[in-house]
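Please read the structure below before turning to the comments.
The values are calculated or read from the model by the stated rules, or taken from the named source; none is laboratory data. Just so it is clear, the structure is predicted and the values come from calculations on it, not from any experiment. Every residue, glycine as well, gets a Cβ built from its backbone with ideal geometry; the counts of neighbours run over all protein chains shown. Remember, those area values only see protein heavy atoms, side chains included, never the ligands or the DNA or RNA. Shrake-Rupley method; radii C 1.70, N 1.55, O 1.52, S 1.80 Å.
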Amino acid sequence: MKLGVFAVLLSDRPFEPMLDTVVELGLETVELGTGAYPGNAHCKPTELLASDAKLRAFRQAIRERGLTISALSCHGNPLHPDRRTAKAHHEAFLRTVALAEKLDVKTVVTFSGCPGSDPKAQQPSWIVSPWPPEFAAALEWQWTERVLPYWTDTAKRCKAAGVRVGIEMHPNFVAYNAETMLRLSAIAPKIIGCNFDPSHLFWQQADPVQTIRALGDRIFHVHAKDCRIDVANTRLNGVLDSKNYTRELERSWVFRTVGYGNDALVWKDIISALRMVGYDHAISIEHEDSLMSPAEGLRKAIEFLRPIVLSQPKGEAYWS
């Protein structure tokens, strides 16, 4: 495995200074935002696809520093009921796939998307309960009329480009846990897989290790991000929480830098489970911790993860 970073958290630096920072921190891979929600501070597909010279310089800047690109990420909602939003996010995804093909990057990361509840809806509708019965009907309509057709067609485009899609399981989108991820992946198991981010599982009370075992080789990419559950607030209000992330004292849970939500044993189990299912790719550090600056969070995450991720080369005996 290689330790890397989702470079969006270094958006305060231009492209090459960002790469220099990654090298200085001893990381090996970068995950680059290419549009939609992550933005494209360091990687602008439209410009790179339009100029062979810019594409060569971009690739060379990464290679000469001994780095690799773990994934291109354009998390968005291509199923949004607002057609302008859906079109913008879909086009950002297609540009990202085209760029990934040019750069020989194997994985593009995004969300599964979330449609509205019916053809006339104006906002997405995340449905998590079958009753009253109109909710069950709306959920089936979403999958039958929007989710399956979109991803069936999109998977064909990705296959033609030689690119896999790593869907990040995320609440407020149709694929948010093992069951829904497997349902989506079944469309094209070799093309549609998972960007595994345990932070979204922790607060849902799902076990990351069991999820890894269920998904197996459908895990294409991994984010390292943690989550801390506030026991008192959860006992009072449960885990569903729509308050702003900066209201830490009142929330049932908050995202944390790795090691500040769960201890080393939990993360050792996660990394071990990934190894057992054959994952040997990047562990990409992401930062959404409202209690730390990105620079501090990244530094602490590296210090925490390095001995866990890089401690035991595959196949080497402990006593050798």
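Here are a few things to note about the model shown:
Listed here are the residues, each with its yes/no results for (1) touching a strand residue (DSSP E or B) at 6+ places or on another chain (Cβ under 7 Å); (2) among the basic types (Lys, Arg); (3) within 23 Å of residue 16 (Cα to Cα).
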position: 68; (1), (2), (3): yes, no, yes
position: 77; (1), (2), (3): no, no, no
position: 80; (1), (2), (3): no, no, no
position: 87; (1), (2), (3): no, yes, no
position: 91; (1), (2), (3): no, no, no
position: 95; (1), (2), (3): no, yes, yes
position: 98; (1), (2), (3): no, no, yes
position: 104; (1), (2), (3): no, no, yes
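- Test: residue in segment 298-308 that is out of contact with any helix residue (DSSP H, G or I) (no Cβ under 8 Å at 6 or more places or on another chain) and β-branched (Val, Ile, Thr): yes
- Of residues in segment 101-152 being assigned to a loop (DSSP other than H, G, I, E, B) and of a type in the set (Ser, Thr, Tyr), the one most open to solvent (accessible area, probe 1.4 Å): 129
- When residues of segment 288-320 are limited to those that are of a type in the set (Gly, Ala, Ser) and open to solvent by 60 Å² or more (accessible area, probe 1.4 Å), the one modelled with the highest pLDDT: 311
- Neighbours by Cβ (under 6 Å, 6+ apart or cross-chain): first from segment 193-217, over 19 Å from residue 259 (Cβ atoms); second aromatic (Phe, Trp, Tyr) and in a strand (DSSP E or B): 193/220
- Among residues that are open to solvent by 60 Å² or more (accessible area, probe 1.4 Å) and farther than 23 Å from residue 205 by Cβ, residue 280 is included.
- Scope segment 153-168; condition open to solvent by less than 90 Å² (accessible area, probe 1.4 Å) and in a helix (DSSP H, G or I); matching residues: 153, 154, 155, 158, 160, 161
- Residue match in segment 268-278 (condition: over 25 Å from residue 238 (Cβ atoms) and part of a loop (DSSP other than H, G, I, E, B)): yes
- Inside segment 75-98, residues that are closer than 14 Å to residue 40 by Cα, in contact with a helix residue (DSSP H, G or I) (Cβ under 7 Å, 6 or more places away or on another chain) and not in a helix (DSSP H, G or I) make up a count of 1.
- Boolean, residue 261 is touching a Phe, Trp or Tyr at 6+ places or on another chain (Cβ under 9 Å), within 19 Å of residue 171 (Cα to Cα), modelled with pLDDT of 95 or more and open to solvent by less than 10 Å² (accessible area, probe 1.4 Å): yes
- Enumeration of residues in segment 279-295 that are assigned to a loop (DSSP other than H, G, I, E, B), under 18 Å from residue 198 (Cα atoms) and polar (S, T, N, Q): 290
- Some residue of segment 89-109 being small (Gly, Ala, Ser), within 25 Å of residue 182 (Cα to Cα) and touching a Phe, Trp or Tyr at 6+ places or on another chain (Cβ under 9 Å): no
- Count - residues of segment 174-189 that are surrounded by fewer than 22 Cβ atoms within 10 Å (Cβ to Cβ) and outside any helix (DSSP H, G or I): 5
- Of the residues contained in segment 20-28, none is found to be open to solvent by less than 10 Å² (accessible area, probe 1.4 Å) and assigned to a strand (DSSP E or B).
- Long-range neighbours under 7 Å by Cβ, at least six apart or interchain, first residue in contact (Cβ under 8 Å) with a residue 60 or more places away in the chain within segment 240-268, second open to solvent by 90 Å² or more (accessible area, probe 1.4 Å): 261/228
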